[in-house]
Structures are given as structure tokens and as C-alpha cells.
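Chemist: Okay, here's the structure, questions in a sec.
The values are calculated or read from the model by the stated rules, or taken from the named source; none is laboratory data. What you see is a predicted model; the values in this text were computed from it and never measured. Don't worry about glycine lacking a Cβ; one is built from the backbone with ideal geometry, like all the others, and counts go over all protein chains shown. To get the accessible areas, we keep the full protein, side chains included, count just its heavy atoms, and leave off ligands, DNA and RNA. Shrake-Rupley method; radii C 1.70, N 1.55, O 1.52, S 1.80 Å.
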Amino acid sequence: VAMAGFVGYCLHANGFQFPLHIPGDYTTKSPAELWDQVPTNGKLQILGFVAFLEFFGELGGRVGAPAHYMRGGLPGAYPSFKKYLNGVFPHPVPLDLYDPFGIFSNASPEKKARGRLIEINNGR
């Protein structure tokens, strides 16, 4: 998330814009000025969503999900939304944060371990 935010900041600071955005005049503003223009409720939504992700990731072993890596779990492992949140919300949770489309669901444990080691070595 931090890398995506940094890249977005750098892109906008250099004049790149995505075609779809919140209505308003954003052509001459710096990223910091844009953040100041976001309504308070919008900022609270962003911070609330990030807080939810942190809280859900920290729950881990307390709710039957894999333990957080600081409590002996695997680094990079995040609890499944589909497995642990369906039935909690009034609508189904269709995607997970990790492997939302099931691309790696049939990968061997060795391939998953190698990929996790690569990510850890890259500092992510």
C-alpha cells in the first residue's frame, strides 16, 4: 500500500492523471494540496478502511485464522476474507487481498515458500 501511495504521489507530482477521478479542478494542485481538498469524511473513510485491514490482520489466531507473523505465523500470510468474513456481512465477500482470482491456489507448497522468501528478501 505504501509503495502504491508513493508511486501515485510521484505520478501526480509529475503531471500524470488518471482519466477517472473525483470531480473538481486538479490540474495545477500538488499532491499535498489535493489531500487538503479531500473532504473530512473521505479522509475518515480511507483511514477507517486501513484501520479495518490492520485490525483484521492482527486478529489472526484469535478467530481461528492463521496467526499474525509477530505471533509465530508466516510472514506475508493474511487471513482470507472469503473464509472468515462471509456470514459476518450482509453480502458475500467475493475477493481476498492475496490471490483474489485464485491464480496461485493450486501452487505447490515449495513454490509458495519460494515466492514468500523472494518477497521477504525484497523487503516487502
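Chemist: Being modelled with pLDDT under 80 and open to solvent by 90 Å² or more (accessible area, probe 1.4 Å) narrows it down to one residue among PRO94, PRO75, PRO79; which is it?
Modeler: Sole residue among the options that is modelled with pLDDT under 80 and open to solvent by 90 Å² or more (accessible area, probe 1.4 Å): PRO94.
Listed here are the residues, each with its yes/no results for (1) under 24 Å from LEU97 (Cα atoms); (2) at pLDDT 70 or above; (3) open to solvent by 100 Å² or more (accessible area, probe 1.4 Å).
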| position | (1), (2), (3) |
| --- | --- |
| GLY8 | yes, yes, no |
| ASN14 | no, yes, yes |
| ILE22 | no, no, yes |
| ASP25 | no, no, no |
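Chemist: What are the residues in the stretch 103-112 that are surrounded by 12 or more Cβ atoms within 10 Å (Cβ to Cβ) and either assigned to a helix (DSSP H, G or I) or basic (Lys, Arg) (or both), if any?
Modeler: Once the filter is applied, which keeps residues that are surrounded by 12 or more Cβ atoms within 10 Å (Cβ to Cβ) and either assigned to a helix (DSSP H, G or I) or basic (Lys, Arg) (or both), the stretch 103-112 yields only LYS112.
Chemist: Something else: Of all residues in the stretch 42-71, which are open to solvent by less than 80 Å² (accessible area, probe 1.4 Å), modelled with pLDDT of 75 or more and not aliphatic (A, V, I, L, M)?
Modeler: GLY42, LYS43, GLY48, PHE52, PHE56, GLY57, GLU58, HIS68 - these are the residues of the stretch 42-71 that are open to solvent by less than 80 Å² (accessible area, probe 1.4 Å), modelled with pLDDT of 75 or more and not aliphatic (A, V, I, L, M).
Chemist: Within the stretch 1-17, work out how many residues are assigned to a helix (DSSP H, G or I) and out of contact with any Leu (no Cβ under 9 Å at 6 or more places or on another chain).
Modeler: 11
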